Structure formats: structure tokens, C-alpha cells
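**Q** Structure in C-alpha cells, see below.
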Amino acid sequence: MEHARILALIHQTAPVLVAAGDHFTQGFYKHLLTSHPALHHTFNPANQASGAQARSLLDAIVLFVTRYDELETLGDEARRIAAKHVSVDVQPGQYAAVGASLLATIQAGLGAAATPEVMLAWELAYGRIAGVLVGLEAATYQQQQAQSGGWAGFKHFVVARVEAESPDVRSFYLVPQDGAPLPAYRPGQFISLAVNLPYFPYRQLRQYSLSDAPHQPYYRITVKRGARTGDAPAALVSNYLHDAVGAGSVVAVHAPAGEFCLAPGATVPLVLLAGGLGITPFMAMLEQLAEERSARPVLLIHAVPDADHQPFGRRLRELAQRPGVRVRSLYQVAPEPTAADGPGLLRPLDAADGPLTADHLAALLPPDWAGTEFYCCGPLAFMRHVYALLAQRGITDCHFEEFGPSHRVAELAPTAAPPAACCPYGHQLVPQPEPAA
């Protein structure tokens, strides 16, 4: 079948599937996990229960369908999806299982419109999409294994120590059990942990941003304890890490992956906007810039509930003393100043409750932001709010990293009121994204 015909048939039928929304994507995951129950060991049950994984799939379908003729040049979008796949050790053979369930769900969703020609078009399209992702993933796997200390799959690491960063946030320092050297990584990347819980039938995979500079003798991840919600699957792993994992514990770790990274050698001004534990990849970036004695101008805005619940607060105060580095914390509850407060105290932007506002950005961003690079990390609601604020200033080129299954932040960003809650705190890259970095 000719490429143009494939494209025409997909564009004719895709709107029906997109209109079905969660019903279509949840049907796909039900079919997939029923047909291949071993995949329960790969997928995060919290994201299945909340529908986040299904919505992420729908976003991916829309992306690939609308830009099917640009697949080889999708760039960041395709690499971001491939990085998530690599982090959970997706292998080429699994694409066949996913494809079979996807095609079966498409056929059921289209009904009479699912003619043999239409289904062949979708089969060929899926094969081409899978080929692009498999190629990207294969290149990443090869690079991970080729570097000094590299490995394939999951490898055993020992927890060297655990440090409290705030009442509900802890950092875990991980070293290879076999004593091998640690491969380097790019600040902003994340690792996956594979955890077998004593009270849950399936292995759980979670991604966590590396929160320290590369070239340390350890990997550091920083995890917020998630709120318990009865018997719901949310926060299974974060609570297990906080309650049961300490110095000497052994965990299984996948090699670093991810595309949320600074451009090497860049010198233009840098603006980092973090919601809660979205600070974790930025800590790696800030520490790397400090090690390099970079003169790059940096502004970090960190939205948290209060000073007590700000991870890395003390270290941020130290980093803020570097020339060219500004750190501004936005607290929901402003601290009362005391006589002991020194000049290094991170003052709130204002003392009122509420989210990051256009006034904050107007006061903090340079008058001429041309050439400035913007990075944003945190919960999806926070990032959509930030996107809307930046768009009001004519800034549409911003790098986003969501803690959770990937969503199209820019295309789905609200244009009306900001979220009711002030710059939500917490969340980790998940799959650190448990809604990690």
C-alpha cells in the first residue's frame, strides 16, 4: 500500500478513535493485560487506575497520526517516548504484543468502518512507528552498554545511605553491588528501580530523577512519600522505600535515560521552574554548573508549600551565593522573619497564598529574554499553568519534564484560570512520575 494511501486512511478513521478518548485507550490496556498478564510487571497500576497511562497513549496516537509523514524527524517527542521505554527495558519483541492488542481495539472501535484496507493501513502504520521507536531504543541500549561500567537490563545496587531532605522527602544513595564504576549521565536524566513488594503480586517499576551531579561515586535519587489512599495502588513504591529500604538494602536499577537535559556548552541565560519535587533534575543541573564553575546566568523559581517542606533548602541557599545564580522560592505559607535570618535566607516572592503569577515572572525574568532557555518540571497542572504564563509573555519554547506518563503539555495547556491549588508539591518521576525526575 502506498504511503499516501496509508496516511489518507488513518486520517479518515483516527478521529473516531480520538473521540472515544479514555474508553478506547482503557479498552486497549484491558485487552493487552488480559492477553499478556506478564506485562503487569511493566505497567504502573496507579497510572492504570487513574487513567493517566491511557491518556498518555491517546496523546501518542494523536502525535504519531498527525505527524505520520515526519516520523523520522520527530526529534524530542519520539526520543522522550523511547527514553521511557528504555527505562522499563522494553524489548523489540514486546511491540508485537502491543500491536496485536492495539489493532484489535482499533477494529472494535471502528466497527463497520474497519474494512480490510483500513486495518492494513493501521497495521503498516504501526509497523513504521514501531520501527522508528525500536531504532531509537536500540541506539540507547547500545550506548548504555558500551560506556565504562555500562550494563544491560536491571542491575543490583546497594543503598549506601539515606538522608532526610524534608519531613516527607528522602534521598537514597545507590552504589553498584559488584563495585564496578558508574557510567556517566547527563544532568536531568533518570533511572528506573524495579521493586518486588512483599504485599503486591507484580514487580513495580518507577523512574526517579538523578538529583546530584554526575561523576559522583553514587547515584542519588530523591523520593517523596506519597499519600496513602486506602487500597488504591498509588504510592506503593514510595511508601515502601520510606518504610523498608535503608542502608544495606539491595535494589535493581536500570541505566540512566531521558532527554530533559541542558545543551552541552550552552552559555545563554537559563530559567528553571520547579513545582515541588520537580526540583530534583534541576539539582543535578545546578550541581554540574557549580562543578564547572560556569558563569551562565541562572534563575530558579521553586514552588513549595512552605520552607519546612522544601527539599534541598540549605543547599539551594549555598548555590544561590554563586555569582549569576538567583534562587527564588514561592511558598504557599510565608515564613515569619526572625532576627536569626541571615542574608542567605530564601525569601518568598510574596506572603500570599496562591500560584505562580504573571506578576512574579514580570518581576524576575530579564526584560530581554531573547535567547534564554526555559526548563519546567513538576506535576502536570503546574506545568500547564507555567506554559500558559509563559505564552502570555510570548515564550513558547520551553522544555518540560512531567512526573508521570507523558502528556502534551503545550497543546493541552489551559488558557483560562490557573489551578486552584498553589503550585502543587510532591510527585516523583513515574512511572517518578509515582505521581519521577
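**Q** Counting other C-beta atoms within 10 Å, which of K84, K224, K30 has the fewest, and how do the rest follow?
**A** Least crowded to most crowded, the residues run K30, K84, K224.
**Q** Further question: Where Lys and Arg each count +1 and Asp and Glu each count -1, what net charge lies around F312 among other residues with Cβ under 15 Å from its Cβ?
**A** In short, 0.
**Q** A follow-up question, please. Between S249 and A108, what FRET efficiency comes out of the Förster formula 1/(1 + (r/R0)^6) with R0 = 56 Å and r the beta carbon distance, rounded to 0.05?
**A** Efficiency at R0 = 56 Å is approximately 0.80.
**Q** While we're here: Give me the net charge for the shell around W369: Cβ to Cβ below 13 angstrom, other residues only, Lys and Arg +1, Asp and Glu -1.
**A** -2
**Q** If I model a spin label at A266 and A184 as a point 7 Å from the Cα along the Cα→Cβ vector, what separation in nanometres do I get?
**A** Between A266 and A184, the simple spin-label model gives 1.9 nm.
**Q** Measure off 7 Å from each Cα along the Cα-to-Cβ vector at H3 and D308, then give the distance between these two points in nanometres to one decimal.
**A** That separation, rounded to one decimal, is 6.1 nm.
**Q** Additional query: log10 I(q)/I(0), Debye, Cα-only the stretch 184-325, no solvent, q = 0.09 Å⁻¹?
**A** Relative scattering, expressed as log10 I(q)/I(0), comes to -0.32.
**Q** Quick one: Debye curve from the C-alpha atoms of the stretch 154-257, no solvent, what's log10 I(q)/I(0) at q = 0.13 Å⁻¹?
**A** Results for the stretch 154-257 at q = 0.13 Å⁻¹ read -0.44.
**Q** Further question: Of all alpha-carbon pairs in the stretch 157-207, indicate the percentage at a distance above 16 angstrom.
**A** Counting every Cα pair in the stretch 157-207, those more than 16 Å apart make up 62 percent.
**Q** Okay, moving on. For the modelled label position 7 Å from the Cα of A164 along Cα-to-Cβ, which residues of the stretch 242-267 have backbone nitrogen atoms closer than 12 Å?
**A** none
Coordinate-derived values only; no laboratory data. None of these values were measured; they are calculated from a predicted model. All Cβ positions, glycine included, derive from the backbone under ideal geometry; neighbour counts span all protein chains shown.
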